[in-house]
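Nothing in this text is a laboratory measurement; each read-out follows from the coordinates by a stated rule. On a predicted model such as this, the values are computed, not experimentally measured, just so you know. Using ideal geometry, Cβ is built from the backbone for each residue, glycine included, and neighbour counts are taken over all protein chains shown.
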């Protein structure tokens, strides 16, 4: 198991509407395996820099954002999603699911897929 990522890490890439999935590799503690699909990235918390990934992806959206996740406590991400909901030219949808608190030793996975 990889060691947990430090609290800081690379800064999010904000406002890049031409973001490629491979641009997110800077937020991984280990590189994706050779031959990993270019349109898919998987991030694990706490090993990878998941908050920066989410902020980067949300800020790169220019038309729509669809969110389906358990509750979270990231004030920066919450403000970004709130701003997106108030932007008239974008469509945002969210789905929140009530869940029990995760076990401290459980790894959490966030996967992003982009199709063009």
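A few points about this structure:
- Protection proxy ranking, highest mean first, for peptides 30-37, 12-19: 12-19, 30-37, where packing is the per-residue count of other beta-carbon atoms within 10 Å, averaged.
- Length available on full extension from residue 17 to residue 73: 0.36 nm per residue minus the Cα-Cα distance, which gives 17.6 nm.
- Where labels lie 7 Å past Cα in the beta-carbon direction, separation of residue 86 and residue 42 in nm: 3.8
- Mean Cβ neighbour count within 10 Å, used as a protection proxy, ranking 53-63, 71-81 highest first: 53-63, 71-81
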